[in-house]
Amino acid sequence: MSEYHKKNAAIVGNSESPYVKLRSINMGDCQWTEGFWADKFQLCEEVMAPHMGTLLKGEVGHAYNNFKVAAGLMEGEAKGMLWHDGDFYKWMEACIYIYAHNKDEAILKELDEIIDVIAKAQEDDGYLHTHVQINNSGRWRVVTDHELYNFGHLIQGGLIHYRITGKTNWFDLAVKAADYLYAVFGPREERLARFGFNPSQIMSLVELYRTTRNKKYVELADIFVTMRGSVPMDLHETVPYWFTGDQCQMKTPLREEVEAVGHAVTGMYLWAGAADVYAETGDQEIIDALDRIWDSAINHKMYLTGALGQVHHGAYDDQNMIHEGFIDDYLMPNSTAYNETCANISNAMFNWRMMSIKGEAKYGDIMETVLYNSAMVGISNDGKHYFYANPLRFNHGQREYSDHADCTESADREPYIECFCCPPNLVRTIAKVSGWAYCLSENGIAVNLYGSNKLHTQLNDGSDIKLTQETEYPWDGSVSITIDDCKSDAFDLMLRIPGWVESAEVQVNGEAVSTEIKEGEFFVINRQFKPGDNIVLSLPMSVDLIEGHPRIEEVRNQVALRRGPVVYAVESPDLPEGTKVLDVYLDEGAELQPVYKADMLGGITVIETNLKLRKDKSEGMYRKIKSTEFSDHKSQFVPYFSWSNRGTAEMSVFVPLLRR
């Protein structure tokens, strides 16, 4: 195993998984060079991760202090949420991905110091949960202690640290923790079968199997999948009343599930983990269930931005409250939408795995939609402020935020959120997204994400391939890929053709290909490539008016603007003073002009247009329509992810359409 990390440094180590069609490249094989993702990665490297480390290692975040207290290295109380250990591990994982690119030894030195403290905090039998240990509150009391969530991120971080660095100090702690979980949960005690809530451990256990080839870890992952719904998730000493039924995806066994239900994050973590189990076992009942769940979540409950989790709380199934989660099909509130950043990111994680298993581009479309919209909106342009909830409309005074001490529904991005799960999740995603840009096909390479980069990796047969990708995507749809080095035998170059595009074109060395190019699928070029070959993909980017399904009552007679993968919004800084976003209408025939503004928010493309602003302001909840007067206002729509970077603002993705 000592040589494993030299050839298996992937985020998802599926290089030997028997039931996948697309396999991961190693972290660091793809390096962003310029443009959108290069800029975001640089900000992550220089600002996001260091700033977050200052928060989490200091008195504000207190996460590192929790480990020191648990280790007996300092006096103090356990602070932060019960899942704060896992949030700290995610930040550490982000640092490792950054190291994979810049090889800054100072990062490893800092992590070694932290890992030494974590090792002192871990119990001899492998248990580690700082709140439980500091408070002496007892192991496995209630599902909401989030023990398995913390264990999952401990194991995942240790694996990634080993794969990228070859060091075993964190990896040894991960194995110790996993062995402890196997001893506790392997017997499938009924009382403990309820402890699947927030199951990050399933993904990490499969990854541990992939690294060690010890089958007990994938066996344990499968046990956690099988335990879902195996016992009644009703009122029980381990289950608070608000976590019964569908809330924890525990009312129905996973293999029998027909729709996306319950808490959006815990659901997506469960289904991503189950996808990993399928990739190793080929369990047909699992993949059949995941197909049904995917259709439910994506085609009936997902927002245009790729966001999931229609409500914060207050929606009920037949026996319990649904919190931060899925509700009925097509019930899609905009201003009260919750859309937790973690839920959106986990949507991309799930679709990444489904794309690997199925080899189908439609999953890459969802992943891309999340990355450019509902994920990136979670962090400010300066990399230091965070959103937790991500509605599609925000109106001043509509909601009272002063009673939300944890700032999960703030009117502005916050410098710190007491419930800190989303910020490190997003930072580690930005740090690792280059590892999602390409996959290895059976005999070739698949291009999943577009952005200027250099790729140097090995195909499945061990042969080297070097590519250079040049593009201004997502602001421009022209993508140039040059083969810098490759084998002499024929191989496949697979280009993901997004579902939003019409009339995509591909040229090889200046000559158009004659094969039909279908949107929403991979376009495969098979030939004997040679160094210097150039492939140009043209993805025309029109500004599209997007309407909702007729059953989505909140957007009846309204439209959103989308250009390429980017969803747009109207924001109050671009409106006359005192104008509400609810006064904004769009004329069906209005010209929609994309304009790149290099000096705005780091460089974005806006959509300039003439808006119609409603002038009459009748009072009353319901009122007669007497006359409707409008004024014209030259304005712009901005990318949804960029809103709330110019002060406290109103915003709306959907606006009413004045039809001619």
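Remark: segment 510-517, residue by residue, has Karplus-estimated 3J(HN,Hα) of x, 10, 5, 7, 9, 5, 5, 10 Hz, where x stands for each Gly or Pro and the curve is 6.51 cos²θ - 1.76 cosθ + 1.60 at θ = phi - 60°. The alpha-carbon of K626 sits under 24 angstrom from the alpha-carbons of these lysines, leaving out residues fewer than 8 places away in its chain: K580, K612, K615, K617. Sorting the segments 151-158, 348-355 by their mean number of nearby beta carbons within 10 angstrom, highest to lowest, gives 151-158, 348-355. Just check the chain against the gyration tensor rule for me: Cα atoms, a ≥ b ≥ c as the square roots of the eigenvalues, rounded for a/c under 1.5, and otherwise prolate or oblate depending on whether a/b exceeds b/c. Here the chain falls in the oblate category. What does the charge dipole of segment 544-658 about its Cα centre add up to, to the nearest 20 debye, if the Cβ of each Lys and Arg holds +1 and the Cβ of each Asp and Glu holds -1? Dipole of segment 544-658, to the nearest 20 debye: 260 debye. Derived scalar couplings between HN and Hα for segment 426-437 equal 5, 5, 5, 5, 4, 5, 10, 5, 4, x, 9, 5 Hz in order, rounded to whole Hz, by the Karplus curve 6.51 cos²θ - 1.76 cosθ + 1.60 (θ = phi - 60°), x for Gly and Pro. Taking every Cα-Cα distance in segment 444-538 and sorting them into 10 Å bins from zero, the calculated P(r) comes out as 16, 53, 28, 3 percent. Put +1 on the Cβ of each Lys and Arg and -1 on the Cβ of each Asp and Glu in segment 444-538; which of G477, G462, F529 then has its Cα farthest toward the positive end of the dipole? Of the options given, the answer is G462. Compactness of segment 90-209 is given as radius of gyration and Dmax, 14.7, 47 Å, from Cα positions. Summing Cβ point charges (Lys, Arg +1; Asp, Glu -1) relative to the Cα centre of the chain gives a dipole of roughly 180 debye.
Give K40/K454; K487/K530; K120/K176; K40/K109 a once-over and call out the pairs whose C-alpha atoms are over 18 Å from each other. Table pairs above 18 Å Cα-Cα are K40/K109. Greater than 25 Å separation of Cα atoms is the criterion. Which listed pairs, K90/K167; K301/K597; K301/K384; K90/K358; K518/K597, meet it? Those over the limit are K301/K597; K301/K384; K90/K358; K518/K597.
Put simply, when 414-425, 470-481 are sorted by average Cβ atoms within 10 angstrom per residue, most first, you get 414-425, 470-481. Straight Cα distances below 13 angstrom link K362 to the aspartates and glutamates D291, D295, E519, E521, with same-chain residues fewer than 8 positions distant left out. Label segment 491-540 by shape, choosing from rounded, prolate and oblate, from the square roots a ≥ b ≥ c of the eigenvalues of the Cα gyration tensor; if a/c is under 1.5 it is rounded, and otherwise prolate applies when a/b is larger than b/c, oblate when it is not. Prolate is the answer for segment 491-540, as a/c is 1.5 or above and a/b outweighs b/c.
Counting only residues at least eight positions apart within a chain, or on another chain, the aspartates and glutamates with an alpha carbon under 17 Å from that of K68 are E59, E77, D85, D87, E110, D112, E113, D116, E123, D124.
Computed from the coordinates by the stated procedures, all read-outs in this text should not be read as laboratory data. None of the values given here were measured: they were computed from a predicted structure. Note that each Cβ is placed from the backbone with ideal geometry, even for glycine, and that neighbours are counted across all protein chains shown.
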